[in-house]
Amino acid sequence: MAEEETNETTDEAPEAPPAGSDPVPEETSEPAAEEGSDPSVDEEPAAKVEEPPAEEPAAEAAPAAAPAAEAPAEPEEALGPKELRKRARSEHTGETHEQRSGEERAAERKATRRAKAASRSRYRARARERHGGERAEGTPPAERDAGAPKVRQGTVVSAKPDKTITVRVEISRRHPTYEKVIRRSNTVHVHDERNEANEGDTVRVVECRPLSRLKRWRLLEIVERAR
């Protein structure tokens, strides 16, 4: 058995070349040049390995710091009409008037006002024509006998002084031109001989002769007592 194993190992081992002979060159892995090719012609150089593109220069430095935030604009001061006229005159670059006297200036102002009044009159006439030429009629005035004393009704707002009360009279009237109801109040001092009226009462007063520096009215009656 041992002899058979040794024979197998000797058969598998490659035979060594005889001494003194040239060694056989081993076949290279490169294929032989094709027949018919001109050996003088150099083969095409191998494709160059593409080098990675050079790194782009670093992004430009951030732009210079933005200018400092503008300070909030200060609110414009309210200018009066005189200051506005002064500024307009200072900025005027047109022709200037000759020096004029006070009388000439007054005459010029009168002429300007007269022209404006004529313009307003023409405008109002055209407006009347557009509305049929009829002028609005307001509330007719109250009828009363000539020389009859005025009678008013109001509310007592003060009764502290002796024999004197203060009455607020509310007046509501329709405007004769604009047809709008206008409300206003007037305060009068009234003579109260018996100190009958109190604050909050609704009273009727009548016009009379001057009784003191402020009193021109006299208590006629108490319409309603304050609750």
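The values are calculated or read from the model by the stated rules, or taken from the named source; none is laboratory data. Owing to the predicted nature of the structure, the values given are computational and were not obtained by experimental measurement. Note that each Cβ is placed from the backbone with ideal geometry, even for glycine, and that neighbours are counted across all protein chains shown. The accessibility values were calculated without ligands, DNA or RNA, using every heavy atom of the protein model including side chains. Shrake-Rupley method; radii C 1.70, N 1.55, O 1.52, S 1.80 Å.
Summary table
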read-out: Subset of the range 184-195 (residues that are assigned to a strand (DSSP E or B) and open to solvent by less than 60 Å² (accessible area, probe 1.4 Å)); value: V188, V190, H191
read-out: Lone qualifier among V151, V169, V181 - being of a type outside the set (K, R) and touching a Gly at 6+ places or on another chain (Cβ under 6 Å); value: V169
read-out: Residue ID - least open to solvent (accessible area, probe 1.4 Å), chosen from residues in the range 90-106 that are within 30 Å of E77 (Cβ to Cβ) and at pLDDT 85 or above; value: S90
read-out: Residue in the range 150-161 that is in a loop (DSSP other than H, G, I, E, B), among the small types (G, A, S) and within 24 Å of H189 (Cα to Cα) present; value: yes
read-out: Within the range 196-211, considering residues that are more than 23 Å from A146 (Cα to Cα) and either open to solvent by 80 Å² or more (accessible area, probe 1.4 Å) or in contact (Cβ under 8 Å) with a residue 40 or more places away in the chain (or both), the one farthest from the chain's Cα centre (by Cα); value: A197
read-out: Residue satisfying condition, being closer than 18 Å to P149 by Cα and either in contact (Cβ under 8 Å) with a residue 60 or more places away in the chain or of a type in the set (V, I, T) (or both), within set I182, I171; value: I171
read-out: Pairs with Cβ under 7 Å, 6+ apart, first in the range 107-134 and open to solvent by 60 Å² or more (accessible area, probe 1.4 Å), second of a type outside the set (D, E); value: R128/R135
read-out: Residue match in the range 165-176 (condition: part of a loop (DSSP other than H, G, I, E, B) and under 43 Å from the mean Cα position of the chain (by Cα)); value: yes
read-out: Residue check for A146: of a type in the set (G, A, S) and assigned to a loop (DSSP other than H, G, I, E, B); value: yes
read-out: Complete set of residues in the range 158-183 that are among the aliphatic types (A, V, I, L, M) and surrounded by 13 or more Cβ atoms within 10 Å (Cβ to Cβ); value: A159, I165, V167, V169
